[in-house]
Amino acid sequence: MILSKKIENAIIDGSTSYPEDRIAAFKKFLANEEEENAIWALELMIKNAEIANKNKLPLCDDTGIPHVLIELAKDKNLSSEFFEEIKRGIANGFKNLPGRPMAVKGNDLERVEQSQGLYIKGEMVIPPSFLVDSYDGDKTKIHLLFLGGGPEIRAKTYRIFHQKSYKHVLNIAIDRLKESLPFLGCTPSIPAIGIGRTHFEANELILKAMVHGNLNIQSDIENYLVDELNKTNIGPMGLGGKTTVIGSFIKIGPQRASGVRIVATRPCCFVEPRVATVEI
């Protein structure tokens, strides 16, 4: 199978189905929930996932902006055609999904003000620049990450004076998430955090946190984040209850010799992160 077809299939699969760890997390928190409205909402979310997977329908009408992260296998080279194949696969995937029309018409300023309207075809969406890393593996991995608008407008990147305490940094990040989660609407969330030296690096790390995160394997700080945010009683869809978040993904990169840490936070909605991976 040619690469573009594999990418196309991955776009559709990643947009229409939850991974096993997500389903397990939903069921675990549902079993511990006591609020009647929260139970109702969680059961509907699981049902939504079952219907989407069975009928190959998007988990959400906001099919997201596709981000591409590539892990290049050792002794492998990339050609310009390799990147074009990925772009063709993305376009075909959003055409056949079908994807939500999100591409804005016009020149730079017209796109900012959206004065020329939208392209009606979902496949017109253009992915951001690809992130490419090398790793010590035999197969190149192409990760596709679809990011919706609701969490995006509530995501933040900011500086924190660390005060020589990782807990201080984490608590401020938790406070920022507490501010945004009541307005998300589509809770329970899986918050993502990246901590780096620059704004670019913090956001690169948050993308990797979402790509590689696993709800079945949570670190101590990820569990701490979950416990603190579930004390807010926001609950599924803001209806109250114990289940404001069902897990978290945190990635910490190299740090600068400085009193400042750059932290990116994103309160993913209950259909995110949507991730698909192709190996070649």
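The values are calculated or read from the model by the stated rules, or taken from the named source; none is laboratory data. Since the model is a prediction, treat every value here as computed from it, not as a measurement. Glycine also receives a Cβ, built like all others from the backbone with ideal geometry; neighbour counts cover every protein chain displayed. We work out accessible area using only protein heavy atoms, side chains counted, and drop any ligands, DNA or RNA first. Shrake-Rupley method; radii C 1.70, N 1.55, O 1.52, S 1.80 Å.
What does the C-alpha gyration tensor say about the overall shape of region 1-127? Classify as rounded when a/c is under 1.5, otherwise prolate if a/b is larger than b/c, or oblate.
Values: a/c = 2.44, a/b = 1.43, b/c = 1.70.
Here region 1-127 falls in the oblate category.
Report in % the part of the accessible area of region 8-153 that belongs to carbon and sulfur, leaving out ligands and nucleic acids; probe 1.4 Å. Intermediate results must be reported in sequence, preceding the final value.
Numbers: 4030 of 8090 Å².
Answer for region 8-153: carbon and sulfur cover 50 percent of the accessible area.
Once amide H atoms are built 1.01 Å from N in the peptide plane, which residues 5 or more positions from residue 118, or in another chain, come under 5 Å H to H?
Long-range HN contacts for residue 118: 105.
Name the shape class, rounded, prolate or oblate, that the alpha-carbon gyration tensor gives for region 201-266, where a ≥ b ≥ c are the square roots of its eigenvalues, rounded holds for a/c under 1.5, and otherwise prolate holds if a/b is larger than b/c and oblate otherwise.
Since a/c reaches 1.5 and a/b is larger than b/c, the shape of region 201-266 is classed as prolate.
What accessible area per residue comes out for region 1-42, rounded to a whole number of Å², with a 1.4 Å probe? Before the final figure, lay out the partial values.
Working: 2120 Å² over 42 residues.
About 51 Å² of surface per residue is accessible.
Once every DSSP H run of n ≥ 4 in the chain is given -39500 (n - 2.57) and the sum is divided by its residues, what mean residue ellipticity at 222 nm do you get, rounded to the nearest 500 deg cm²/dmol? Intermediate results must be reported in sequence, preceding the final value.
Values: 9 runs with 114 residues, N = 280.
Rounded to the nearest 500, the figure is -13000 deg cm²/dmol.
In sequence order, what are the phi-derived ³J(HN,Hα) couplings for region 178-190 according to the Karplus relation 6.51 cos²θ - 1.76 cosθ + 1.60 with θ = phi - 60°, rounded to whole Hz, with x for glycine and proline?
Along region 178-190, the couplings run 4, 5, 8, 4, x, 9, 5, x, 9, 7, x, 9, 10 Hz.
Starting from 0.36 nm per residue, how many nanometres of slack lie between residue 50 and residue 164 once their C-alpha separation is accounted for?
Between residue 50 and residue 164, full extension yields an extra 36.5 nm.
Whats the longest run of the chain with zero trypsin sites (Lys or Arg not before Pro) that are DSSP loop and have at most 15 other Cβ atoms within 10 Å? Mind dumping the intermediate values first?
Working: sites that count: 56, 74, 76, 105, 121, 139, 164, 256.
Here the longest run is 165-255.
I'd like the projected area of region 160-225, averaged over all directions, using the convex hull of its alpha carbons. Report it in nm² with one decimal.
On the way: hull surface 20.4 nm².
Approximately 5.1 nm², given one-decimal rounding.
Using the Kirkwood formula on the Cα atoms of region 63-122, what hydrodynamic radius do you get, in angstrom to one decimal? Spell out each step's value before the answer.
Values: mean 1/r = 0.0728 Å⁻¹.
With all distinct Cα pairs of region 63-122 included, I get 13.7 Å.
Rg/Rh for region 19-68 to two decimals, with Rh computed the Kirkwood way over all alpha-carbon pairs.
On the way: Rg = 12.8 Å, Rh = 12.2 Å.
Value, to two decimals: 1.04.
Please say if region 138-280 is rounded, prolate or oblate, where rounded means a/c under 1.5 for a ≥ b ≥ c the square roots of the C-alpha gyration tensor eigenvalues, and otherwise the choice is prolate for a/b larger than b/c and oblate otherwise? Walk me through the intermediate numbers first.
On the way: a/c = 1.67, a/b = 1.05, b/c = 1.59.
It is oblate, given that a/c is not under 1.5 and a/b is not larger than b/c.
Size of region 106-187 along its principal axes in angstrom, Cα-based, largest extent first?
In descending order, the Cα extents are 49, 43, 27 Å.
Check each of the GluC sites (Glu not before Pro) in region 1-62 and keep only those in coil by DSSP with at most 14 other C-beta atoms within 10 angstrom; list them in order. All intermediate terms of the calculation are to be shown ahead of the outcome.
Details: sites: 8, 20, 33, 34, 35, 36, 43, 50; in loops: 33, 34, 35.
Passing sites in region 1-62 are 34.
Karplus couplings for region 77-87 from phi (6.51 cos²θ - 1.76 cosθ + 1.60, θ = phi - 60°), rounded to Hz, Gly and Pro as x?
Those phi angles translate into 10, 10, 10, 4, 5, 4, 5, 5, 4, 5, 4 Hz.
If the rule is a partner Cβ under 4.7 Å, which cysteines in the chain fail it?
For the chain, the answer is 60, 268, because their Cβ atoms have no other cysteine Cβ under 4.7 Å.
Tell me the per residue accessible area of region 78-171 using a 1.4 Å probe; a whole number in Å² is fine.
So region 78-171 comes to 61 Å² accessible per residue, rounded to a whole number.
Taking the Cα centre of each part, how many Å lie between region 86-111 and region 140-167?
Region 86-111 and region 140-167 have Cα centres spaced 24 Å from each other.
Output the pairs from 47/139; 47/121; 28/139; 28/156; 76/105; 76/208 with a Cα-Cα distance over 31 Å in this structure; if there are none, say none.
Checking Cα-Cα distances, 47/139; 28/139; 76/105 exceed 31 Å.
Taking every Cα atom in the chain, find the radius of gyration and the maximum pairwise distance Dmax, and write them in Å.
19.1, 55
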